[in-house]
Amino acid sequence: MCAAKYLDPSRLTPGSFAYAEAQAMMVARHENVVQIFSADAEDGIPVIRMEYLEAGSVEDRYGGRPVAVGDAVRYMEEACWGVEHLHARGLLHRDIKPGNLLLHGDGRVKISDFGLSCFTNSSAVIPPWSYTAHLPPEALKTGLGIESAVGDVYALGITTYRLLNGDRDFESIRELASLKAAAVLSNWLPHVHPKLRRVIRKATHSQPGSRYQSAWDFRHGLEAARPVVSWFPSTSEVGNSWSGWDGRRQAAWRAYLEPASRDRWAFRIERDLNGKGWRKIGADCLLFPEYKDAMRHSALILGRVAETGR
């Protein structure tokens, strides 16, 4: 069983090598990169055959919905391992996005689609075809796409933001990109803890020199920001709700922000330690007259629990 990618000759850049993508995949062989089997022609059409990953992509699995924080961090750490390997081999990927992060049966993330990749010393830089929202400001200004490792780091940062926040804010990022401005990542869901927000803001800084300078640096930033409690939004008929899990202490968490009497909002948080039953964390359960104040409190408590486990 394999996946076959047929290349449309009319879409190849004039003068480009038809099997450049296959060549890049051969150079990029790594456990976090989709494995290539062969590259040849079928009735004059270039075709690349590679491993088939039936779980599909991260985008397929979550459909633009937020991913549990711990899972999102793990996915992106593994993506960084793959990108680190590419950069060490002198390759830029230039098209990192949720749809190009495929899932292996054992849970590993594998980077796919090397159609826009190029070697760092190549003068034949291919202009971007799509997903300009993942391009850093310097690439948008030149119109030549990503030309350095810090450009791939920016795309990794935007991808992480999308996995954590879902795609509810993605259109505004697209609009900023169309104006050749840097994405301003400020519309965070409340359960994304502050330390992780800072890591992603650094990865997506508008100035290349102020970003993480390598995928290795970004991966270490993510590792340092791993949550103790991994939150994700859960279903609630009214208001907001979150579920969380602390794998170290085998503790489940849940929190709610819901309308209360007399136009007030109630925040409630509970923990079940080792299956002994749910217990309310009384000091954190408060009433607020304004929704914005209740949301601010929710973010504060959810962030503290994510970072400390208590």
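Every number in this text was worked out from the coordinates using simple rules, so none of it is lab data. Remember, it's a predicted structure, so these values are computed and weren't measured experimentally. Quick reminder, even Gly has a Cβ in these numbers, built from the backbone with ideal geometry, and neighbours come from all protein chains shown.
Computed from phi, the 3J(HN,Hα) profile of the stretch 31-37 under the Karplus parametrisation 6.51, -1.76, 1.60 (θ = phi - 60°) reads 5, 10, 10, 4, 7, 9, 9 Hz, with x in place of Gly and Pro.
Charge tally around ASN100: other residues with Cβ under 9 Å, Lys/Arg +1 each, Asp/Glu -1 each, net -2. Using the Cβ-Cβ distance between ARG304 and ASN187 with R0 = 25 Å, the FRET efficiency computed as 1/(1 + (r/R0)^6) comes to roughly 0.75.
Only DSSP H runs of four or more residues enter the estimate; each adds -39500 (n - 2.57), and after division by the residues of the chain the mean residue ellipticity at 222 nm equals -10000 deg cm²/dmol.
So for SER241, SER57, SER234, fewest C-beta neighbours within 10 Å to most, what's the order? The partial results should precede the final answer.
Working: SER241 16, SER57 19, SER234 13.
In order of increasing Cβ crowding within 10 Å: SER234, SER241, SER57.
Largest GNM mean-square fluctuation among LEU140, LEU273, LEU196, using the chain with Cα springs under 10 Å: LEU273.
State the Kirkwood hydrodynamic radius of the chain in Å, one decimal place, computed from all pairs of distinct Cα atoms. Walk me through the intermediate numbers first.
Numbers: mean 1/r = 0.0478 Å⁻¹.
Final number for the Kirkwood radius of the chain is 20.9 Å.
Model label sites at ARG49 and ALA4, defined 7 Å from Cα along the beta-carbon direction, differ in position by 0.8 nm. Taken one residue at a time, the phi angles of the stretch 136-141 give Karplus couplings (6.51, -1.76, 1.60, θ = phi - 60°) of x, x, 5, 6, 5, 5 Hz. Gly and Pro are set to x. Checking the cross-link pairs LYS141/LYS195; LYS195/LYS292; LYS202/LYS276; LYS110/LYS292 against a 32 Å limit on the alpha carbon distance flags LYS202/LYS276; LYS110/LYS292 as lying beyond it.
Between ARG254 and ARG226, what FRET efficiency follows from the Cβ-Cβ distance if R0 is 22 Å, with the result rounded to 0.05? Don't skip to the end; give the middle numbers.
Values: r = 21 Å, r/R0 = 0.94.
Efficiency for this residue pair is about 0.60.
Go ahead and run the numbers for FRET between LYS280 and ARG61, Cβ-Cβ distance against an R0 of 41 Å, rounding to 0.05.
Numbers: r = 33 Å, r/R0 = 0.81.
Result of the calculation: an efficiency of 0.80.
By other beta-carbon atoms within 10 Å, ranking MET26, MET1, MET295 with the fewest at the front produces MET1, MET26, MET295.
Just ALA41, ALA79, ALA20 to compare: in a GNM of the chain, with alpha carbon springs under 10 Å, which one fluctuates most? Top of the fluctuation ranking is ALA41.
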